[in-house]
Amino acid sequence: MDFITNFPLFTIMLSLFSGVLCYMLKGKAARRYTIFYELLLIVLVSCVLVYTLRTGEAFTYVMGEFPAPWGNEIRAGVLEALLALAFLVIMLCAVFAGYRFVDTDLDESKVNLYYSLLNLMTAALMALVWTNDLFTGYVFLEILTLTSCGILIVREIGRTTLAAVRYMILNLLGSGLFLLGVVLLYDLTGHLLMVPMHEAVAELAADPAVMPVLTMAVGILTIGLAIKSGLFPFHYWMPDTYGWATPSSAAILSSLVSKAYIFLLFKTYARAIGFSVIGKMPIRNILLVLGIGGMVVGSMQAIRANNINRMVALSSAAQIGYIYMGIGLGGTSGYTAAIFHILAHALTKSLLFLTTPRLAEVSGDDLSFKALQGSGIRNRDAGVFFTIGALSMIGIPIFAGFASKLQFGLAAVESRSSLKLILVMLALAVSSMLNAIYFIRTIIRIYARDGRDMQRAHHRAGYNIPMLVLVGANVFLGLFSWVIIDLIHKGLNMFAA
Amino acid sequence: MIENLLINNEEAVAIILFGIGFTMLLFQRNLIKKLIGMNIMDSGVFLFLASMGYIGGRKAPIITDGVTSRTAYINPVPAGLVLTGIVVSVSVTAIMLSLTIRLYKRYHTLDLDRIYVLSKHQTEDR
């Protein structure tokens, strides 16, 4: 065993320790420590990615040397390492670009608590990405829920508390269903680890009498995670939650937390149930229909939204729909498209959520469209970044959004079902058009002169570095999508092994 | 159908409890009742797990009188899972209660719909 195989566990354990450490530090020190620490994690995870690419196979880390059917395991392959790396980079960018708002939005004595929560959240995110055990998944899922509620309510205004309560209630329903699903699966198979469970499920699925029960268990688990990640029609908490949180939190909640739930669902399908068994259940078709519903309804609601944050939040509902559509299409190309879109959307949405407060700041702290008129001229950098994010969302070539839409189109063609092909193509066309309506309208709005005196925003260059990283990653995904798709294919092959 | 339910009465009760809790958490407007619903829902799952883990006629998995045959003892894992689940449930309840207190202090009501209406008329939060 190479030393590198310890790194996935390090990322979880060190994050937990850092959470405690930040609690004891002062606000500013906690921030510096968090930034330094996220950089360290990025190095560790990059090592894991390179290592798995070089050996060409995934490795399993056995906790406490208890072998397979009993112990607890962590598994690291290319796909996990890739997602963990993307999550950490986005987290770092969100912390870096949003700390000024954290300082103004939060009471000074609570700034260190914010970073403490972020570190605990990193631990939960990492654990959800690496875990090979469903019950560990449940425990860290709850930790993720609690910490995301925490980073929401640190901004103490009535609206965030209310948004947090609504968010928590839906999340608790989701966790309850997920737990019931896991328990039912445990009851049926006698295992919690994904690999032995997969073998047991394959045996059970051969028996037609057991299939309905199995479908029910997987269905309950799926509904639970769909509620938590905000699949249509469970997306109504999104605008309040993302709209009132402090910018870093909005970026992290929309681009990382909901994606971690989706990845856990994906991993459960791939590793614990098996795609061939999932294919026999009607679940994927339901996900496809709900995904398409989300793409259309989310965008329609975004058009009607009255402020920019609500609009961006509702566009998240549509984008989550895309990801579920990819899972619903199935096949290697469908799953590849879904994973690619997880990355593309996470990068783009964090960019947008970190830019809108800068635009609002030069418009009298007002997020309504009317006030934002001309804000792209008053704060040039933020205007440019917003435009890039919006163009990527619409699906203009050279940005990530285009590459992922192309993948969805290819996946639909490869699904060999004309109904699915027509449905998906129509949904892509309608959704792209709707996206274009509200994003281009906003771009025009922020660049329209309004005769107010042009007081330019001056800000430190530090803010632009994380934004440039996000833009660079976005363009990289758009121009060199084949690199990432190749990695995803390798990861998916390792899942099957 | 009925016979199956009678044989598996513990599981049936557990699922009914889960259903009661789930609908309470979803449809009750009062925050405290919602939280009670959440606890009932979790208890349903724990009952399900505990009853699945128990095998009639076997003992707790602590070796007594030198008997090491695995047919003499029950599986300890479900009990461990219940314990973990209870810890999670308690901490979630604590957070939700503290949020409820905060909302009550601000809006002087526990009715979620009413709080929502009140918050819409609020202007001090930009």
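The values are calculated or read from the model by the stated rules, or taken from the named source; none is laboratory data. It should be emphasised that the depicted structure is a prediction, and the values quoted were computed from it without experimental measurement. Glycine gets a Cβ as well: all are built from the backbone with ideal geometry, and neighbour counts include every protein chain shown.
Could you check, for region A:168-179, whether at least one of its residues is in contact with a Phe, Trp or Tyr (Cβ under 7 Å, 6 or more places away or on another chain), more than 25 Å from B:SER51 (Cβ to Cβ) and more than 8 Å from every other protein chain (Cβ to nearest Cβ)?
Checked against the condition, which is being in contact with a Phe, Trp or Tyr (Cβ under 7 Å, 6 or more places away or on another chain), more than 25 Å from B:SER51 (Cβ to Cβ) and more than 8 Å from every other protein chain (Cβ to nearest Cβ), region A:168-179 yields at least one hit.
Would you say B:SER69 is out of contact with any Cys (no Cβ under 6 Å at 6 or more places or on another chain), under 30 Å from A:ASP240 (Cβ atoms) and not hydrophobic (A, V, I, L, M, F, W, C)? Let's see the steps before the verdict.
On the way: out of contact with any Cys (no Cβ under 6 Å at 6 or more places or on another chain): yes; under 30 Å from A:ASP240 (Cβ atoms): no; not hydrophobic (A, V, I, L, M, F, W, C): yes.
No, not satisfied.
Please specify each residue of region A:2-54 satisfying the condition of being among the aromatic types (Phe, Trp, Tyr), over 18 Å from A:LEU118 (Cα atoms) and free of Cβ contacts under 8 Å to residues at least 40 places away in the same chain.
A:PHE3
Within region A:149-164, restricting attention to residues that are surrounded by 21 or more Cβ atoms within 10 Å (Cβ to Cβ) and free of Cβ contacts under 8 Å to residues at least 12 places away in the same chain, which residue is farthest from the other protein chains (Cβ to nearest Cβ)?
Restricting to residues being surrounded by 21 or more Cβ atoms within 10 Å (Cβ to Cβ) and free of Cβ contacts under 8 Å to residues at least 12 places away in the same chain, the top hit is A:ILE153.
Being within 29 Å of A:ILE157 (Cα to Cα) and in contact with a helix residue (DSSP H, G or I) (Cβ under 8 Å, 6 or more places away or on another chain) is the requirement here; does B:LEU99 meet it? Can you show your working first?
Values: within 29 Å of A:ILE157 (Cα to Cα): yes; in contact with a helix residue (DSSP H, G or I) (Cβ under 8 Å, 6 or more places away or on another chain): yes.
In short, yes.
Quick one: would you say B:VAL117 is surrounded by fewer than 17 Cβ atoms within 10 Å (Cβ to Cβ) and more than 10 Å from every other protein chain (Cβ to nearest Cβ)? Quick ask: steps written out before the conclusion?
Values: surrounded by fewer than 17 Cβ atoms within 10 Å (Cβ to Cβ): yes; more than 10 Å from every other protein chain (Cβ to nearest Cβ): yes.
Criteria met by B:VAL117.
Test each condition in (1) buried (at least 21 other Cβ atoms within 10 Å of the Cβ); (2) of a type in the set (A, V, I, L, M, F, W, C); (3) farther than 30 Å from A:ALA272 by Cα for A:PHE7 and report the one that comes out false.
Unmet for A:PHE7, out of (1) buried (at least 21 other Cβ atoms within 10 Å of the Cβ); (2) of a type in the set (A, V, I, L, M, F, W, C); (3) farther than 30 Å from A:ALA272 by Cα: (3).
Taking region A:183-194 as the search range and keeping residues that are without any contact (Cβ under 8 Å) to a residue 60 or more places away in the chain and in a helix (DSSP H, G or I), which one is farthest from the other protein chains (Cβ to nearest Cβ)? I'd like the intermediate steps shown before the answer.
To start, the set of residues in region A:183-194 that are without any contact (Cβ under 8 Å) to a residue 60 or more places away in the chain comprises A:183-184, A:186-190, A:192.
Those still in the list that are in a helix (DSSP H, G or I) too: A:183-184, A:186-189.
Details: A:VAL183: 5, A:LEU184: 8, A:TYR186: 8, A:ASP187: 5, A:LEU188: 10, A:THR189: 12 Å.
In this case the residue turns out to be A:THR189.
Just a yes or no: is a residue in region A:305-318 assigned to a helix (DSSP H, G or I), touching a helix residue (DSSP H, G or I) at 6+ places or on another chain (Cβ under 9 Å) and surrounded by fewer than 20 Cβ atoms within 10 Å (Cβ to Cβ)?
Residues of region A:305-318 that are assigned to a helix (DSSP H, G or I), as a first pass: A:308-318.
Narrowing the set further to residues that are touching a helix residue (DSSP H, G or I) at 6+ places or on another chain (Cβ under 9 Å) leaves A:308-318.
Adding the requirement that they be surrounded by fewer than 20 Cβ atoms within 10 Å (Cβ to Cβ) leaves none.
Looking for residues that are assigned to a helix (DSSP H, G or I), touching a helix residue (DSSP H, G or I) at 6+ places or on another chain (Cβ under 9 Å) and surrounded by fewer than 20 Cβ atoms within 10 Å (Cβ to Cβ), one finds none in region A:305-318, hence no.
Which residues, counting only those in region A:25-54, are part of a helix (DSSP H, G or I), surrounded by fewer than 18 Cβ atoms within 10 Å (Cβ to Cβ) and of a type in the set (Lys, Arg)?
A:LYS28, A:ARG32, A:ARG54 - these are the residues of region A:25-54 that are part of a helix (DSSP H, G or I), surrounded by fewer than 18 Cβ atoms within 10 Å (Cβ to Cβ) and of a type in the set (Lys, Arg).
Given the conditions (1) in contact with a helix residue (DSSP H, G or I) (Cβ under 8 Å, 6 or more places away or on another chain); (2) surrounded by fewer than 21 Cβ atoms within 10 Å (Cβ to Cβ); (3) in a helix (DSSP H, G or I); (4) at pLDDT 85 or above, which single one is not true for A:PRO397?
Here A:PRO397 meets the rest and fails (3).
Which of the following residues is within 17 Å of A:TYR322 (Cβ to Cβ) and among the small types (Gly, Ala, Ser): A:SER363, A:SER375, A:SER368, A:SER404? If you could, list the steps in order and put the result at the bottom.
Values: A:SER363 fails: within 17 Å of A:TYR322 (Cβ to Cβ); A:SER375 fails: within 17 Å of A:TYR322 (Cβ to Cβ); A:SER368 fails: within 17 Å of A:TYR322 (Cβ to Cβ).
After ruling out the rest, the residue left standing is A:SER404.
Search region A:55-68 for residues that are assigned to a helix (DSSP H, G or I) and pair each with any residue that is of a type in the set (Gly, Ala, Ser) when their beta-carbon atoms are under 9 Å apart and the residues are at least 6 apart or on different chains.
Final answer for the pair search is A:MET63/A:GLY71; A:GLY64/A:GLY71; A:GLU65/A:GLY71.
So, A:CYS22, is that one buried (at least 19 other Cβ atoms within 10 Å of the Cβ), closer than 30 Å to A:ASN464 by Cβ and in contact with a Pro (Cβ under 9 Å, 6 or more places away or on another chain) or not?
So A:CYS22 fails the test.
If we scan region B:3-24, do we find a residue that is in a helix (DSSP H, G or I), facing another protein chain (nearest Cβ under 10 Å) and free of Cβ contacts under 8 Å to residues at least 12 places away in the same chain?
no
Can you find a residue in region B:91-105 that is in contact (Cβ under 8 Å) with a residue 12 or more places away in the chain, more than 9 Å from every other protein chain (Cβ to nearest Cβ) and small (Gly, Ala, Ser)?
Among the residues of region B:91-105, not one is in contact (Cβ under 8 Å) with a residue 12 or more places away in the chain, more than 9 Å from every other protein chain (Cβ to nearest Cβ) and small (Gly, Ala, Ser), which makes the answer no.
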